[in-house]
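**Q** Here's a structure for you.
Just so it is clear, none of the values below were taken in a lab; they were calculated from the coordinates. Predicted model, so just to flag it, every value in this text is computed and none were measured. When we count neighbours, we look across all protein chains shown, and the Cβ atoms used for this are built from the backbone with ideal geometry, even at glycine.
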Amino acid sequence: MTTASDLDVSRFLNDRVRRIPASGIRRFFDMISGMEGVISLGVGEPDFTTPAPLREAAIRSIHEGRTAYTSNYGTLELREALSEHLRNLYGVEYDPRTEMLITVGVSEALDITCRSVLGLGDEMILPEPSYVAYTPAVVLSDATPVPVPTRVETRFAVTAEEIEQHVTPRTKVLLLGYPNNPTGAVLPREELERIAAVAERNDLLVIADEIYDRLTYGVTHTSFASLPGMKERTVLLGGFSKDYAMTGWRVGYACAPAELIEAMMKVHQYVIMCAPTAAQAAALEALRSGEPYVQAMVDEYDRRRRVIVDGLNSIGLPTFEPRGAFYAFPDVRPTGLSSEEFVEALLKEEKVVTVPGDVFGPSGAGYVRLCYANSMENIEEALERIERFARRRAG
């Protein structure tokens, strides 16, 4: 009889799961467990509390007994409000009954999109550095990720020409995650239009992850689906986590042609059923009354952005100006350290948490990600600690 200690459980694991690493971000948070005096610029999460009217809407829905499943697609009320929201912002029209699906965060929306459209032999192009979940989502769909490296010389913005150079007969999908995590890069409308031409010329489906769409500074976000002819070949992903400080509520959405949404709903239905009912009530209230809070948070992020970018540059860590999201992406090679060496040494010596750039892809090597969704007091203190650390390294 086999005992628990003799059983090799690893032989039961799916090969696709074997091929994906655990998140490179989480390892550094395990390291700070029990450490005192740590300043974390690591997690991409607003430091604001979800606005009171949104919290109260969820509590009210619970008190009123709205605790059952909703439609698999999400409440119609939320989808109707979201449809109006996207129309007002970007001029793109989605039928709330057939072209919209409420998901458990954008992570689920990405997962079910990939599983619905990708399969063995398919390729998906994705610019990198990119969010750590993109490549695993492709691998878990039995498809092949095709990264397109971006460079600081072009402000980490991918070009249409670079994308087209990576198209092969097996290319099926292009993933665009802009404003970008981890770099804070944005794509101007003119480049998006050129990318749209590439998608049309090569008959590509485009997944547009626009979770940071409202967090831009001095530039206007263009939704890819709003470009002429692109709504029909785009899966638009978004959510409430970043704009409304609702990370823990786990409400996202996908918008796409009805046939695609129906396919995605089948996967969603069997693995999730529906997004949490009370969280959907909070999301509805966000669309109804949350705009002043969004604007106030964006203004504060902008203030912090300028402080952290100027501070890093003055320390001698070259940092291009991010125009979206809430991340700075400094070059740490002047210290003589690799990304991972820098992060580990900074944490050990100065108790500041950052994330190595290469966990977001090979073109992030030599950089680290700092999240400025933190208090100004913590940002200023972190900059002082980083400066001490850099001075010692320059030595």
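**Q** Could you state the per residue volume, in Å³, of the convex hull enclosing the Cα atoms of segment 102-227? Write out the running numbers ahead of the final one.
**A** Numbers: hull volume 13.1 nm³, N = 126.
Hull volume normalised by residue count: 104 Å³.
**Q** Please report how far the C-alpha centroid of segment 298-322 lies from that of segment 104-159, rounded to the nearest whole angstrom.
**A** For segment 298-322 versus segment 104-159, the Cα centre distance is 28 Å.
**Q** Among all the lysines, which ones have a C-alpha under 30 Å from LYS348's C-alpha, if same-chain residues fewer than 8 places away are not counted?
**A** LYS348 reaches LYS242.
**Q** Kirkwood-based Rg over Rh for segment 130-181 (C-alpha set), two decimals? Don't skip to the end; give the middle numbers.
**A** Working: Rg = 11.6 Å, Rh = 12.1 Å.
Rounded to two decimals, Rg over Rh is 0.96.
**Q** Here is a further query. For the chain, modelled as a GNM with alpha-carbon contacts under 10 angstrom, which of ILE62, ILE125, ILE163 fluctuates the most?
**A** Maximum among the listed residues: ILE62.
**Q** Using volume of the Cα convex hull per residue in Å³ as the read-out, say which of (i) 115; (ii) 169; (iii) 157 was calculated from these coordinates.
**A** (ii)
**Q** A further question follows. For SER40, list long-range residues whose amide hydrogen, built 1.01 Å from N in the peptide plane, is under 5 Å from its own amide hydrogen.
**A** HN-HN under 5 Å from SER40: VAL353.
**Q** Next question. Kindly provide the GluC sites (Glu not before Pro) of segment 33-83 that DSSP labels as loop, not H, G, I, E or B, and whose Cβ sees at most 13 other Cβ atoms within 10 Å.
**A** Those satisfying the criteria are GLU36, GLU64.
**Q** Restricting to DSSP loop positions (anything but H, G, I, E, B) with no more than 11 other Cβ atoms inside 10 Å of their own Cβ, which trypsin sites (Lys or Arg not before Pro) remain in segment 151-233?
**A** ARG151
**Q** Could you tell me which chymotrypsin sites (Phe, Trp or Tyr not before Pro) in segment 38-105 are loop residues by DSSP with no more than 11 other beta carbons within 10 angstrom of their beta carbon?
**A** Qualifying residues, ordered by number: TYR69.
**Q** List, in order, the whole-Hz ³J(HN,Hα) value for each residue of segment 126-142 obtained from phi through the Karplus relation with A = 6.51, B = -1.76, C = 1.60 and θ = phi - 60°; use x for Gly and Pro.
**A** 9, x, 9, x, 8, 3, 4, 7, 5, 4, x, 4, 6, 4, 5, 8, 6
**Q** For segment 303-342, restrict the atom set to alpha-carbon positions and state the Rg and Dmax in Å.
**A** 10.5, 30
**Q** Roughly speaking, what % of Cα-Cα pairs in segment 314-380 are separated by over 14 Å, rounded to a whole number?
**A** Working: 1304 of 2211 pairs.
The answer is 59 percent, as a whole percent.
**Q** Starting from one equal scatterer on each C-alpha and no solvent at all, send me the Debye-based log10 I(q)/I(0) for segment 68-289 at q = 0.10, 0.12 Å⁻¹, two decimals.
**A** -0.40, -0.59
**Q** Here is a further query. Using only Cα atoms, tell me the angle between helix 376-394 and the longest principal axis of the chain; keep it within 0 to 90° and round to the nearest 10.
**A** For helix 376-394, the angle is close to 50 degrees.
**Q** Short version: ³J(HN,Hα) in whole Hz for each residue of segment 283-292, in order, from phi by Karplus 6.51 cos²θ - 1.76 cosθ + 1.60 (θ = phi - 60°), x for Gly and Pro, what are they?
**A** Residue by residue, segment 283-292 yields 5, 4, 5, 4, 5, 7, 9, x, 4, x Hz.
**Q** Counting pairs of alpha carbon atoms under 8 Å apart in space and at least six apart in sequence, what relative contact order in percent does segment 301-395 give?
**A** RCO, segment 301-395: 30 percent.
**Q** Whole-Hz Karplus ³J(HN,Hα) for segment 223-238, in order, using 6.51 cos²θ - 1.76 cosθ + 1.60 and θ = phi - 60°, x for Gly and Pro?
**A** 6, 4, 5, 7, 6, x, x, 8, 4, 5, 10, 10, 9, 8, 10, x
**Q** So what's the back-of-envelope 222 nm ellipticity for the chain, counting only DSSP H runs of four-plus at -39500 (n - 2.57) apiece and dividing by all residues, rounded to 500?
**A** -12500 deg cm²/dmol
**Q** Taking the Cα centre of the chain as the origin, how large is its charge dipole in debye, to the nearest 20, when only Lys and Arg (+1) and Asp and Glu (-1) carry charge on their Cβ atoms?
**A** 420 debye
**Q** What is the gain in length, in nm to one decimal, between GLU344 and VAL307 on full extension, counting 0.36 nm per residue of separation less the C-alpha to C-alpha distance?
**A** Here the answer is 10.9 nm.
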